[in-house]
Structures are given as C-alpha cells and as structure tokens.
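K.L.:
To start, I am sharing the structure in question, which I have written as structure tokens.
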Amino acid sequence: MTYDERLDHLLAKAAIVFADKGFHSTTMRDLSRATGMSLAGMYYYVRNKDDLLFRIQERCFTDVLAGARDAAEEPAVSAEERVSRFIRHHVEFFARHMAEMKVLSHEADSLAGERQATIDELKRQYVELLLTLLEAAGDGGEGVDPRVAAYALFGMMNWMYTWYDPAGPVAPDDLASQFATIYLRGVGAARHEPSRV
C-alpha cells in the first residue's frame with residue numbers, strides 16, 4: 001500500500017477500536033493488533049495515541065466540512081434546498097463513518113491545547129456554515145433562535161450511530177431524505193412522504 005493508503009487504514013481501524021473500547025482504555029498494542037501494523041510502523045505515521053485521535057478527528061471534520069460546502073454551494077437552488085443538501089451530505093457521510101461519528105461524540109474533550117483548538121475551529125466553521133444556511137432559509141418561526149435550530153438538527157443527526165444500521169432496511173439516502181423532511185416540514189409531513197426502502 002502507499003503511504004496514504006496505510007495512513008487511511010490506520011485511521012479507520014483506530015476509529016473502530018476507539019469506538020469500541022474508548023480512547024482512554026485503548027493501548028497502542030490494542031491498535032497494533034487491530035491494524036496489523038507493528039508499533040514502530042504506527043509510530044512512523046503518528047507520534048502517539050493523542051496524535052492518532054487528533055488525526056482521526058481532523059480528517060473527519062475537514063472532509064465533512066469540505067463536502068458540506070460543496071453540497072450547499074451548488075447554484076440555482078433555493079435556500080431550503082441548500083439546508084436539505086447539508087443534511088443529506090452529513091447523514092450520508094457519517095453513514096459511511098459510523099465509528100468515527102461515535103469517536104467524535106464520545107471523545108470531544110479528550111484532546112488538549114493546540115490540537116483541541118484546531119478541532120474546535122473546524123467545528124465552529126461547520127456550525128457557522130449551517131447557521132448561514134438556516135438564516136438564509138428563514139428563522140424557522142417566531143422566537144426560534146438559529147443556534148437552537150442548528151444544534152437541534154445536529155442533535156437529531158449525530159446520535160444516529162446509537163441506532164442506525166447502514167446495511168439495514170433504510171438506505172442512507174432514504175434516512176437523509178426523511179431527516180430533511182422531518183426537520184424542514186415536521187413529523188406529520190414525513191408520514192406522507194413515500195419511502196424508497
């Protein structure tokens with residue numbers, strides 16, 4: 001494998017181990033067994049376990065942010081459609097990265113210093129992108145704070161790792177469509193949407 005392929009392999013396998021065991025309970029030997037890489041081989045790519053967690057989080061937030069910007073910035077669509085595309089991208093991205101989603105949720109405070117500041121900045125940019133889209137689409141009703149609306153949406157989407165099976169009866173694109181309908185139209189409207197399952 002190339003350098004990038006081996007790094008991708010390391011990050012993906014490490015995310016699964018962190019999701020299963022927790023970051024603090026995982027040792028570098030656990031990661032060595034899971035990845036099939038020697039300790040020396042892993043240290044060629046990362047300095048330590050903290051660096052590995054940082055690389056997982058940084059890669060995930062960078063990729064999801066870039067994809068969300070692309071999805072939301074397509075021309076000639078309504079402001080509401082941009083919100084829908086943001087939702088679709090988020091759900092479909094994390095349906096492919098369920099272990100990473102759990103790690104991002106459970107290990108949000110496991111970094112420190114400059115590493116944590118870098119991740120916090122990526123998160124801030126992601127939230128600000130959604131806020132911009134929501135404000136352009138309307139405030140969601142009288143008295144609805146856009147930040148409350150944004151975090152309500154993230155709350156709905158980000159816990160899917162606790163119950164959703166991408167290989168189950170609801171395909172990721174159908175889940176994304178249902179989330180968008182529930183968020184933008186309400187549960188009553190979602191009941192009347194045809195399912196593509």
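The values are calculated or read from the model by the stated rules, or taken from the named source; none is laboratory data. What you see is a predicted model; the values in this text were computed from it and never measured. Glycine gets a Cβ as well: all are built from the backbone with ideal geometry, and neighbour counts include every protein chain shown. With ligands, DNA and RNA removed, areas are computed over all heavy atoms of the protein, side chains included. Shrake-Rupley method; radii C 1.70, N 1.55, O 1.52, S 1.80 Å.
K.L.:
Could you please tell me which pairs satisfy a Cβ distance under 7 Å, a separation of 6+ or placement on different chains, a first residue in region 78-91 that is touching a residue at least 40 places away in the same chain (Cβ under 8 Å) and farther than 13 Å from Gly67 by Cα, and a second residue that is open to solvent by 60 Å² or more (accessible area, probe 1.4 Å) and in a helix (DSSP H, G or I)?
P.N.:
Between residues of region 78-91 that are touching a residue at least 40 places away in the same chain (Cβ under 8 Å) and farther than 13 Å from Gly67 by Cα and residues that are open to solvent by 60 Å² or more (accessible area, probe 1.4 Å) and in a helix (DSSP H, G or I), the close pairs are Ala79/Ala136.
K.L.:
Hey, another quick one. Being crowded, with 17+ Cβ neighbours inside 10 Å, within 29 Å of Glu135 (Cα to Cα) and touching a residue at least 40 places away in the same chain (Cβ under 8 Å) narrows it down to one of Arg96, Arg55, Arg59, so name that one.
P.N.:
From the options Arg96, Arg55, Arg59, the qualifying one is Arg59.
K.L.:
Now for a separate question. What are the residues in region 49-87 that are at positive phi and at pLDDT 95 or above, if any?
P.N.:
Hits for region 49-87: nothing passes.
K.L.:
Can you name the residue in region 113-156 that is among the β-branched types (Val, Ile, Thr) and assigned to a helix (DSSP H, G or I) and, of all such residues, is surrounded by the most Cβ atoms within 10 Å (Cβ to Cβ)?
P.N.:
Ile119
K.L.:
How many residues, within region 15-27, are surrounded by 14 or more Cβ atoms within 10 Å (Cβ to Cβ) and more than 21 Å from the chain's Cα centre (by Cα)?
P.N.:
1
K.L.:
Test Leu39 against the criterion of being touching a Phe, Trp or Tyr at 6+ places or on another chain (Cβ under 8 Å) and farther than 27 Å from Glu128 by Cα, and give yes or no.
P.N.:
Answer is no for this residue.
K.L.:
In region 1-14, what count of residues is obtained for those that are loosely packed, with under 13 Cβ neighbours inside 10 Å and touching a Phe, Trp or Tyr at 6+ places or on another chain (Cβ under 7 Å)?
P.N.:
0
K.L.:
Write out, first by first residue and then by second, each pair whose Cβ atoms fall under 6 Å of each other, whose residues are 6+ apart or on separate chains, and whose first residue, in region 114-125, is touching a residue at least 40 places away in the same chain (Cβ under 8 Å) while the second is surrounded by 11 or more Cβ atoms within 10 Å (Cβ to Cβ) and among the small types (Gly, Ala, Ser).
P.N.:
Final answer for the pair search is none.
K.L.:
Report yes if some residue within region 91-104 is modelled with pLDDT under 95 and among the β-branched types (Val, Ile, Thr); otherwise report no.
P.N.:
no
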